[in-house]
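One structure below.
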Amino acid sequence: MNVLADTNILVRGIHRKDPQHKEALRAIRVLRNSGDTVCIVPQNLYELWTVATRPASSNGLALTPQQADRVLTRIEQLLVLLRDTPAVYDEWRRLVSTHSTSGKASHDARLVAAMNVHGIDHVLTFNIDDFKRYTGITVLNPGEVQAKPVEPEPPES
């Protein structure tokens, strides 16, 4: 299955001092090792850049733009980047109107719009409640991601 990683997964994955750092990385690793594809969209990278380069005093990671650039390059190498299309905007407009979305929730609606356009129905996030309003989406809590059982090899005859 394809799974979209929410930006909070990426932020915690690069912030080693975050209490959920290991949990975020473990969930990505388990999904990838189970044969799932962990995806990101440009919105994730815009949001990550903002948090990464914001001062620590403003709840940021205080990275320089050069450091943030290296982080984004590494993430782009590890995860599948699904590009925006004009259909993402149209779907976002539909979602924010349908769900009367306002404020910061509009960012999550854009992630869901990209998911819908790209045919992704799973999102990995620490913010479970942010995605509950959207039907057709399965929200995965990183702490609950389990490795898929390995099918035993049939005995040789």
> Failed condition for residue 19, given (1) under 26 Å from residue 145 (Cα atoms); (2) in contact with a helix residue (DSSP H, G or I) (Cβ under 6 Å, 6 or more places away or on another chain); (3) not in a helix (DSSP H, G or I), with all others met?
Replying inline: (2)
>> Quick test for you: out of 32, 70, 54, 74, pick the one residue that is in contact with a Gly (Cβ under 9 Å, 6 or more places away or on another chain) and farther than 16 Å from residue 111 by Cβ.
In response: 54
> Does any residue in region 85-112 that is over 15 Å from residue 43 (Cα atoms) and touching a residue at least 24 places away in the same chain (Cβ under 8 Å) come within less than 7 Å, Cβ to Cβ, of a residue that is of a type in the set (S, T, N, Q) and exposed (fewer than 15 other Cβ atoms within 10 Å of the Cβ) six or more places away or on a different chain, and which pairs are these?
Replying inline: none
>> Condition (residue is at pLDDT 95 or above and either surrounded by 12 or more Cβ atoms within 10 Å (Cβ to Cβ) or not in a loop (DSSP other than H, G, I, E, B) (or both)) applied to region 142-156: is it met by at least one residue?
In response: yes
> Does region 113-129 hold any residues that are surrounded by 17 or more Cβ atoms within 10 Å (Cβ to Cβ) and without any contact (Cβ under 8 Å) to a residue 40 or more places away in the chain, and which are they?
Replying inline: 113, 116, 117
> What is the number of the single condition among (1) at pLDDT 95 or above; (2) closer than 18 Å to residue 6 by Cα; (3) in contact with a Leu (Cβ under 8 Å, 6 or more places away or on another chain) that residue 54 does not meet?
Replying inline: (2)
> How many residues does region 71-89 hold that are surrounded by fewer than 12 Cβ atoms within 10 Å (Cβ to Cβ), outside any loop (DSSP other than H, G, I, E, B) and charged (D, E, K, R)?
Replying inline: 1
>> Tell me yes or no: at least one residue of region 55-64 is within 23 Å of residue 25 (Cβ to Cβ), out of contact with any helix residue (DSSP H, G or I) (no Cβ under 8 Å at 6 or more places or on another chain) and of a type in the set (Gly, Ala, Ser).
In response: yes
> If a residue has to be in contact (Cβ under 8 Å) with a residue 40 or more places away in the chain and buried (at least 18 other Cβ atoms within 10 Å of the Cβ) to count, how many in region 37-70 make the cut?
Replying inline: 11
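The values are calculated or read from the model by the stated rules, or taken from the named source; none is laboratory data. Every value quoted in this text rests on a predicted model; they were computed, and no experiment measured them. Note that we place each Cβ from the backbone using ideal geometry, even for glycine, and neighbour counts take in every protein chain shown.
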